[in-house]
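Asks: Encoded as structure tokens, here's the structure I'll be asking about.
Derivation of every value follows stated rules applied to the coordinates shown; laboratory data play no part. Quantities reported herein were computed from a predicted structural model and do not represent experimental measurements. Virtual Cβ from ideal backbone geometry, glycine too; neighbours counted across all protein chains shown.
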Amino acid sequence: MTVPFKSGFIGIIGPPNVGKSTLLNTLIGEKISIVTPKPQTTRNRILGIKNLPGAQLIFVDTPGIHHTKKKFNRYLVQTAQTAFRESDLVLVMVEATQAIPQDEFLFVVECLKNFEKPVFLLINKIDLVEKQTLLPLIDAYQEIIPFREIVPISALHGSGVEQLENFLLSYLPEGPKYYPDDLFTDQTERFMAAEIIREKIFVLLQQEIPYSIAVTIEEFNERKHGIIFIRATIWVEKISQKGITIGKDGKMLKEIGKRARKEIENLLHTKVYLELWVTVKKNWTQKEARIKQSLVS
């Protein structure tokens, strides 16, 4: 008897900075989604593909869902909501270190209203709490919304991830193989290069500047001897932000480029020549056309 093939799209949602991108990278075994300590690092729907014998799990990382009045952040929340509504199963992530109920979690629950497909709760960062605190936490969450499964995990260290995969396989519907076996994401190399540059900016610039920054790839092509030439533009909203991003004598921009180039070379398995420019686009985070442009590289 032939065992039916299973497949499906699995949305990963939750408040900002709970570890969604770290979980995606751990599940796939590749760095697909950039990770920084700052909330709202993820701005796009990021897809990761896990091929197993008899199944294909397609995970969708999303921006953090939260209350916001800012136009740019509202757009990100809409992106997340659209992504999970198209999923066959949803993973809601929270932190084991957070007391409940949190307003952000309740907002996520509100967004799930009328969603009839299976919803799991993942309690992340269990490595940071005592084990005896988990059972009361699980009971408290289960009283708010009846999750199909509640799985304590450490996305960073991989604890609980195998159990999560087993649960997912039991709930996924029969379906086709949507992507080839050798594909682990649908993101282009061009897009991933832009994300790596943005990650380095987030890490190196500790002020509020990263939230006013976007990266677009203007040129991405192969030149002599297999070297990939990449020219990227970093957007900022103010002239003062441009100065900080470039740094004294261009040192900050050089450091951003150095770190990004090294990681892009590891991604592409070839030498890269990376050219970075900084340009001011005044109040771009308040203009819908600019926001959409910033999310496509």
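Asks: Given the chain, what percent of its DSSP beta bridges are antiparallel, to the nearest 5?
Replies: 40 percent
Asks: I would also like to ask the following. What nm distance separates the two modelled labels at Asp182 and Glu162, each placed 7 Å from Cα along Cα→Cβ?
Replies: For Asp182 paired with Glu162, the spin-label model returns 3.0 nm.
Asks: What is the gain in length, in nm to one decimal, between Glu219 and Asn114 on full extension, counting 0.36 nm per residue of separation less the C-alpha to C-alpha distance?
Replies: 33.4 nm
Asks: Quick one: work out the % antiparallel among DSSP beta bridges in the stretch 189-294, nearest 5.
Replies: Roughly 45 percent of the beta bridges in the stretch 189-294 run antiparallel, per DSSP.
Asks: Let me know the shape class of the stretch 147-247, please: from the alpha-carbon gyration tensor, a ≥ b ≥ c as square roots of the eigenvalues, rounded when a/c is under 1.5, otherwise prolate if a/b is greater than b/c, or oblate.
Replies: Oblate shape, in that a/c is at least 1.5 and b/c is the bigger or equal ratio.
Asks: Let me ask another. Taking the chain as the reference, fit the longest principal axis to its C-alpha atoms, fit the long axis of helix 134-144 to the helix C-alpha atoms, and give the angle between the two in degrees, 0 to 90, nearest 10.
Replies: Between helix and principal axis, roughly 90 degrees.
Asks: A further question on this structure: Give Lys248/Lys281; Lys251/Lys282; Lys31/Lys258; Lys224/Lys262; Lys6/Lys125; Lys177/Lys271 a once-over and call out the pairs whose C-alpha atoms are over 27 Å from each other.
Replies: Lys6/Lys125; Lys177/Lys271
Asks: Can you tell me the orientation of helix 161-171 relative to the chain, as the angle in degrees between its alpha-carbon axis and the longest Cα principal axis, to the nearest 10?
Replies: For 161-171 against the chain, the angle is about 60 degrees.
Asks: May I ask you to sort Met93, Met252 by Cβ crowding, counting other Cβ atoms within 10 Å and putting the fewest first?
Replies: Met252, Met93
Asks: Calculate the spin-label point distance for Lys271 paired with Lys238, positioning each point 7 Å from the Cα along the beta-carbon direction, and give it in nanometres.
Replies: Between Lys238 and Lys271, the label points sit 4.1 nm apart.
Asks: Moving to a separate point now. Considering only the stretch 6-171, what is the antiparallel percent among its DSSP beta bridges, to the nearest 5?
Replies: Antiparallel bridges make up about 30 percent of those DSSP assigns within the stretch 6-171.
Asks: Another question, then. Once the Cβ-Cβ distance between Lys254 and Val280 is put in as r, and R0 is 22 Å, what FRET efficiency do you end up with, to the nearest 0.05?
Replies: Between Lys254 and Val280 the formula returns 0.65.
Asks: Hey, what angle do you get for helix 189-204 against the long axis of the chain, alpha-carbon based, 0 to 90 degrees rounded to 10?
Replies: 80 degrees
Asks: Let's test this: bin the Cα-Cα distances of the stretch 189-294 at 10 Å from zero up to the farthest pair and state each bin's percent.
Replies: 15, 49, 28, 7, 0
Asks: Please report the net charge: other residues with Cβ closer than 12 Å to the Cβ of Phe220, K and R +1, D and E -1.
Replies: That works out to -2.
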